[in-house]
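Enquirer: For reference, the structure I am asking about is given below.
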Amino acid sequence: GEVEKFILVVATGVADKSWGPRGSGNSFNGYNAFGGELRNDLIPFIKENFNVKEDRDNFALAGLSMGGGQTFTIGIGQCLDLISNFAGFSGALFASADQFISQVDGNKAFDGLKIHNLYMICGDADNLVYGSFPSYAAALSKWTSRVENFESYVYPGGTHDFPVWYKGFNDFIHMVFKEGVQLY
């Protein structure tokens, strides 16, 4: 009762055979191929098979760890014309924040497109990705030409694990799907 009804679709984010019982699940080819799968297969499938509002303002993309990085590099970097709400939970971010912002702002296809909600969370004891989190959060909080609503949270004592991600998911769905609030 705290949020509007929404459809949750969970994808592996690795669009090749490295995922599954015999795969490592960490293929960069599969990681990068997910952009095409998201744009050409997953979003069209959702629109064709579920009763959803079809515009970008009613779609959100979030991910944890590698999926958090894909939310930025693929979601914002390649699919901003399809999605306007994003969250990274302990996101593995490979480029600097300035490089990322420059890449998105330099894409003429995204001129005038806003990110309505952008959320980031990371535990301060996360030895895998916390090193890049503070600079990203600081840079994205100032990206007001593109981001309308930005929130970030540092989870005290949080590691690269589910307590951080559960909090991030709860925060994000309340940010995007608040009860009684019409999305854009």
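The values are calculated or read from the model by the stated rules, or taken from the named source; none is laboratory data. Only a predicted model underlies this, so the values are computations on that prediction, with no experimental measurement involved. Don't worry about glycine lacking a Cβ; one is built from the backbone with ideal geometry, like all the others, and counts go over all protein chains shown. When the accessible area is computed, the model is the full protein with side chains, heavy atoms only, and any ligands, DNA or RNA have been set aside. Shrake-Rupley method; radii C 1.70, N 1.55, O 1.52, S 1.80 Å.
Enquirer: If you scan the stretch 56-110, which residues turn out to be under 23 Å from F133 (Cβ atoms), of a type in the set (D, E) and not in a helix (DSSP H, G or I)?
Expert: Those that are under 23 Å from F133 (Cβ atoms), of a type in the set (D, E) and not in a helix (DSSP H, G or I): none in the stretch 56-110.
Enquirer: One residue is enough: does the stretch 30-46 have a residue meeting the conditions in contact with a Ser or Thr (Cβ under 7 Å, 6 or more places away or on another chain), modelled with pLDDT under 95, outside any loop (DSSP other than H, G, I, E, B) and within 27 Å of V164 (Cβ to Cβ)?
Expert: yes
Enquirer: Among the candidates T144, T73, single out the residue that is open to solvent by 20 Å² or more (accessible area, probe 1.4 Å) and in contact (Cβ under 8 Å) with a residue 12 or more places away in the chain.
Expert: Checking each option against the conditions leaves just T73.
Enquirer: Which numbered condition in (1) over 23 Å from E54 (Cβ atoms); (2) of a type in the set (G, A, S); (3) more than 15 Å from the chain's Cα centre (by Cα) is the only one that A109 fails?
Expert: All conditions pass for A109, except number (1).
Enquirer: Right, another one. Restricting attention to the stretch 111-159, which residues are within 18 Å of L61 (Cα to Cα) and in a loop (DSSP other than H, G, I, E, B)?
Expert: Residues satisfying the conditions are L113, K114, R146.
Enquirer: Quickly run through the stretch 77-95 and pick out the residues that are modelled with pLDDT under 95 and surrounded by fewer than 18 Cβ atoms within 10 Å (Cβ to Cβ).
Expert: Answer for the stretch 77-95, where residues must be modelled with pLDDT under 95 and surrounded by fewer than 18 Cβ atoms within 10 Å (Cβ to Cβ): F94, A95.
Enquirer: Right, another one. (1) more than 23 Å from V176 (Cβ to Cβ); (2) open to solvent by 10 Å² or more (accessible area, probe 1.4 Å); (3) charged (D, E, K, R); (4) touching a His at 6+ places or on another chain (Cβ under 6 Å): which one isn't true of D126, the others all being true?
Expert: Failing condition for D126: (2).
Quick grid of which residues meet (1) among the hydroxyl-bearing types (S, T, Y); (2) within 17 Å of the chain's Cα centre (by Cα); (3) over 21 Å from I74 (Cα atoms); (4) open to solvent by less than 60 Å² (accessible area, probe 1.4 Å):
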position: N117; (1), (2), (3), (4): no, yes, no, yes
position: C122; (1), (2), (3), (4): no, yes, no, yes
position: S132; (1), (2), (3), (4): yes, yes, no, yes
position: V164; (1), (2), (3), (4): no, yes, yes, yes
position: N170; (1), (2), (3), (4): no, yes, yes, no
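Enquirer: Which residue out of D105, D111 is without any contact (Cβ under 8 Å) to a residue 24 or more places away in the chain and more than 15 Å from T71 (Cβ to Cβ)?
Expert: The conditions single out D111.
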